[in-house]
1. Please specify each residue of the stretch 69-81 satisfying the condition of being under 14 Å from Ile111 (Cβ atoms) and free of Cβ contacts under 8 Å to residues at least 40 places away in the same chain.
2. Which of (1) closer than 30 Å to Gly424 by Cα; (2) over 42 Å from the mean Cα position of the chain (by Cα) is the odd one out, the single condition Val384 does not satisfy?
3. Out of Phe73, Phe77, I need the residue that is modelled with pLDDT of 85 or more, assigned to a strand (DSSP E or B) and among the hydrophobic types (A, V, I, L, M, F, W, C). Which one?
4. Pick out the one residue from Ser269, Ser277, Ser258, Ser290 that is within 21 Å of Thr346 (Cβ to Cβ), exposed (fewer than 13 other Cβ atoms within 10 Å of the Cβ) and among the small types (Gly, Ala, Ser).
5. Can you give me the ranges of the helices (runs of 4 or more DSSP H) entirely in the stretch 1-70 with at least 1 residues that are modelled with pLDDT of 85 or more and within 23 Å of Tyr214 (Cα to Cα)?
6. Sort out which residues of the stretch 414-442 are touching a helix residue (DSSP H, G or I) at 6+ places or on another chain (Cβ under 7 Å), surrounded by fewer than 19 Cβ atoms within 10 Å (Cβ to Cβ) and in contact (Cβ under 8 Å) with a residue 60 or more places away in the chain, and write them in order of number.
7. Within the stretch 330-352, is even one residue exposed (fewer than 13 other Cβ atoms within 10 Å of the Cβ), more than 42 Å from the chain's Cα centre (by Cα) and of a type in the set (S, T, N, Q)?
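The values are calculated or read from the model by the stated rules, or taken from the named source; none is laboratory data. Note that the structure is predicted; figures quoted are calculated from it, not measured. Cβ sites come from the backbone with ideal geometry, for glycine too, and all protein chains shown count toward neighbours.
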Amino acid sequence: MLKYILKRVLIFVPTLFAISLLTFIISLNAPGDPVDMMLNQSNSGQGQSAQKLATEKAYISLKHKLGLDLPIFYFSFSNASLPDTMYRIVKAQHRYALERMCDEYGNWESISAYYLTVRNLDMSLYSVPKDSSIALDLQRSKDFAASLLETYDQLKTNVILSNLEYIFSNTPAFASLNVYLQAARSSYEEIQKNKSSYRKYIPRLQFYGFNNQYHNWIVNFIHGDFGISYQDKRPVASVIWDAVRWTMLISSLSILLSYIVSIPVGVKSAVKKGTRSDRVTTTGLFMLYSMPPFWIATMLIMFFCGGDYFDWFPAFGLGTLPDDAPLMQRLTDTSYHLILPLFCWTYTSFAFLSRQMRGGVLNVIGQDYIRTARAKGVPEKQVVWRHAFRNSLLPIITMFANIFPLVISGSFIIEWIFSIPGMGKITLEALIARNYPIVFTEMMFAAILTLIGTLVADILYAAVDPRISFSGKSV
């Protein structure tokens, strides 16, 4: 068994590497710019000028702090038209436009020169003194210049440059800026003259070493540093710790209650198969199982939380007692607030678990060794609980392994309805706010707990059924 456990643990390493790499790739392709989010900027609805609310220096500084100005991986496989320093272009939209231009023209030297001239043009417009007589032309020029940094289409680029030339020629206040505009026009014409499209067909493998985004991310994760929350700029570890303790408390109580109730009910239902009590129990549990948790939660709040009927339980939250309140008082108050959420969290498990337990016992109870035990005069209670019950636990163990990730993932609906600050609630809020460090950290923990749950299930299989062996020897 020990040898098998060691083998499984060794298999965990490449599995977790693959999962972490997939999670990292998803995080890179998630919509939104994390730097813009943390600077409270938005790229939608206000045009490119909204990005100027934060200075270029603040943007670059925060990007460096987050480690987003490093190469993405240990190596990259590209072509000769792309430079090995493209990752240093801080804005993702600019980087994408430059990559497309490289693919079209293949001459990075001319493209980079053009990019610098457009940036100079863009920044020069912010040195023009504000004047109501030119406010509209100035705003239009800023938008056009910012669009040039994100445009790779030849026709669109020429149209934007022509519009800028028209505005500059008809606005005397922009006369001193013509040198920047003409430099941008000349640089763009140089790109077309020096077109080298063939370079995109020449493959190139570039190595970056260990100082890259993925390596830093996975090493920090192993050390317990999960990044910074985009919303409140707190460490993700602090946010998750504040939430996971409540989710683990409710989940653990729910799992314990579910198994304590469901296993005896399932065994009794199998032993008394076809009787009236079996039919009543099965029907009642499945009726309860068919009711959606969000509907039950809503009904409980309406009927028992101070609405038009009874005021027996609090409707939301976990209480407002101070941290220095007596322990017993805090336990009592918290338990009082958790009664309804715990019920909504648990009741759907009763029918499913008891049904699995019932099916497992029915498969075992008709086998030869059970009939032999009864023929020897073994008491029925001992036959059921010592022989049939133990050998029918395999389906329950399989489900128990799948419960591990649920201990920290929580329930979106229940935590939201009852305003419990657990993992389900903060994950839902993070999804809505595109707070990806929290979402991807939970994904990683769910994957780790899934692997642990599978290993625990295998160990429990061998513990409850001696016929199962992982040593490779026949039994």
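1. Scanning the stretch 69-81 gives no hits.
2. (1)
3. Phe77
4. Ser290
5. Once the helices (runs of 4 or more DSSP H) in the stretch 1-70 are filtered for at least 1 residues that are modelled with pLDDT of 85 or more and within 23 Å of Tyr214 (Cα to Cα), what remains is 2-29.
6. If the condition is that a residue be touching a helix residue (DSSP H, G or I) at 6+ places or on another chain (Cβ under 7 Å), surrounded by fewer than 19 Cβ atoms within 10 Å (Cβ to Cβ) and in contact (Cβ under 8 Å) with a residue 60 or more places away in the chain, then Pro421, Arg434 are the ones that fit.
7. Scanning the stretch 330-352 turns up no residue that is exposed (fewer than 13 other Cβ atoms within 10 Å of the Cβ), more than 42 Å from the chain's Cα centre (by Cα) and of a type in the set (S, T, N, Q).
Residues checked against (1) in contact (Cβ under 8 Å) with a residue 24 or more places away in the chain; (2) in a helix (DSSP H, G or I); (3) in contact with a Pro (Cβ under 9 Å, 6 or more places away or on another chain); (4) not hydrophobic (A, V, I, L, M, F, W, C):
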{"position": "Val244", "(1), (2), (3), (4)": "yes, yes, no, no"}
{"position": "Ile263", "(1), (2), (3), (4)": "yes, yes, no, no"}
{"position": "Gly266", "(1), (2), (3), (4)": "yes, yes, no, yes"}
{"position": "Asp278", "(1), (2), (3), (4)": "no, yes, no, yes"}
